[in-house]
Amino acid sequence: MKFGDIVTAVASLIVIVGLTMLPLYVVLAPTLGVLWGGMVVGVISTLVSSVIVGYIFAGKMLDGRREAIAKIAVLSAALVMVSVMCLIAAVPDWGPHLNDVFQEMYPEAANWSISEWVAAEITLVYLDMFLNAVITFVVGFVGLYVGSMLRKPSKS
């Protein structure tokens, strides 16, 4: 599979994720809550989208299926890491929320210096990026593999 095909597959994956997240969120957020609804919607939409993309691009994955799937999954996980970093930076209430959570968990956090707060925030950003990337990679890999196996090779 060529690099251009991999980029096209990841772009298709992102578009389909975007199209599936809103309807799923409308259905699941009232039931599961905003936090858990968002997490479940992210996993389900990534799985469904990767199955669809795996099915669509199965013909191009015939030679080296697992390698092509791994490349698509790695590129999509890297894209998720960047998007998580941008989203966290764009949310204005994230820092104060982090301060409240840390002070509740660790009473001595009320006396932390600014550099200690910056280190804690950076650590949590990296943790969030890493967890989202791992979930995207694993769920995406499974979905792409299942989707590529659903499509029978064309007889020539």
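Taken together, the values in this text are just the output of simple stated rules run on the coordinates, not laboratory data. This is a predicted model, so every value here is computed, not measured. Every residue, glycine among them, receives a Cβ derived from its backbone with ideal geometry; neighbour counts consider all protein chains shown.
Some points to look at:
- Between 0 and 90 degrees, the angle of helix 94-105 with respect to the longest Cα principal axis of the chain falls at about 60 degrees.
- Toward the positive end of the charge dipole of the stretch 3-150, with +1 on the Cβ of Lys and Arg and -1 on the Cβ of Asp and Glu, the farthest Cα among Y106, V82, M149 is that of M149.
- Given +1 at the Cβ of Lys and Arg, -1 at the Cβ of Asp and Glu and no other charges, the dipole of the stretch 3-150 around its Cα centre is 780 debye to the nearest 20.
- Per-residue ellipticity at 222 nm from helix content only, as computed over the chain with -39500 (n - 2.57) for each DSSP H run of at least four residues, stands at -29000 deg cm²/dmol.
- Tilt relative to the chain, helix 3-32 - C-alpha long axis, 0 to 90 degrees, to 10: 60
- With a Förster radius of 25 Å applied to the C-beta separation of L62 and A11, the computed FRET efficiency comes to 0.75.
- Among V53, V82, V134, residue whose mean-square fluctuation peaks in a GNM of the chain (springs only between Cα atoms under 10 Å): V82
- When peptides 40-49, 109-118 are ranked by their average number of other Cβ atoms within 10 Å per residue, the highest-first order is 40-49, 109-118.
- Residue order, fewest to most surrounding Cβ atoms within 10 angstrom, among D5, D100: D100, D5
- Pairwise label distance in nanometres, K2 with Y106, each label 7 Å out on the Cα-Cβ vector: 5.1
- Proxy reagent accessibility, fewest Cβ within 10 Å first, across F130, F3, F57, F102: F3, F130, F102, F57
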